Amino acid sequence: MSRVQLALNVEDLDSSIAFYSTLFGVGPAKVRPGYANFAVETPPLKLVLMENPGQGGTLNHLGVEVSDVDRVDAEQARLAEHGLATVDERGTTCCYAKQDKFWVQGAPNGERWEIYTVLADSPTFSAAEDSGQVCCAP
């Protein structure tokens, strides 16, 4: 299983949850303070909503969720073969989940892309309890 992740900054989490639930025909898979995510089957999408007043309607980051750590490693090796630099974050807590991931550096327009797998749920947003809602980016 692989799916694209789209993380959006939103002004109001509750109204955004209502809108995206209607748009994709599925409710959120996880809701926490200032945070929600949807596991949409069709199209295969991990939609993440991050409440950031004053930033609503903007992109937070992009990603690809993969099935396991072996896929994370394989993607990192593949991108290295093409000369793309990456920054490892293994065993990190981000977006209310324990994850193994890496960030791809050098996107031509400054977009932030992560390739990750979720290892376990977490009661905290990040290891540092960062309430600024900026997901663990390097």
Gaussian network model of the chain, Cα within-10 Å springs - most flexible of Thr42, Thr86, Thr117: Thr42
Thr124-Asp14 pseudo-label distance in nm [points 7 Å out on the Cα-to-Cβ vector]: 2.9
Relative contact order [Cα under 8 Å, 6+ residues apart], the chain, whole percent: 23
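Given the rule -39500 (n - 2.57) for each run of at least 4 DSSP H residues, summed and divided by the residues of the chain, what is its mean residue ellipticity at 222 nm, to the nearest 500 deg cm²/dmol?
Calculated mean residue ellipticity at 222 nm is -5500 deg cm²/dmol.
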Karplus-derived 3J(HN,Hα), 6.51/-1.76/1.60, for each residue of the range 113-122, Hz, glycine and proline x: 10, 10, 10, 8, 10, 8, 8, 6, 6, 9
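What is the local net charge at Ala36, summed over the other residues whose Cβ is closer than 15 Å to its Cβ (Lys, Arg +1; Asp, Glu -1)?
Working: positive: Lys30, Arg32, Lys46; negative: Glu11, Asp12, Asp14, Glu51, Asp121.
Summing Lys and Arg as +1 and Asp and Glu as -1 gives -2.
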The chain, accessible area per residue, ligands and nucleic acids excluded (1.4 Å, Å²): 50
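In whole percent, and with a 1.4 Å probe on the protein chains, what portion of the accessible area of the chain is carbon and sulfur? Write down the numbers at each step before the final one.
Numbers: 3810 of 6920 Å².
C and S fraction of accessible area: 55 percent.
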DSSP-assigned coil residues among GluC sites (Glu not before Pro) in the range 1-59, each with at most 16 further Cβ atoms within 10 Å: Glu11, Glu41
Among (i) 26, 19, 13; (ii) 29, 20, 13; (iii) 24, 16, 15, the entry that matches semi-axes √(5λ) of the Cα gyration tensor in Å as calculated here: (iii)
Between helix 13-24 and the chain: long-axis angle, C-alpha atoms, 0 to 90°, nearest 10: 70
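The values are calculated or read from the model by the stated rules, or taken from the named source; none is laboratory data. These numbers come from a predicted model, not from an experiment. Note: ideal-geometry Cβ built from the backbone for every residue, glycine included; neighbour counts use all protein chains shown. Note: accessible area is taken over every heavy atom of the protein model, side chains too, but ligands, DNA and RNA are not part of it. Shrake-Rupley method; radii C 1.70, N 1.55, O 1.52, S 1.80 Å.
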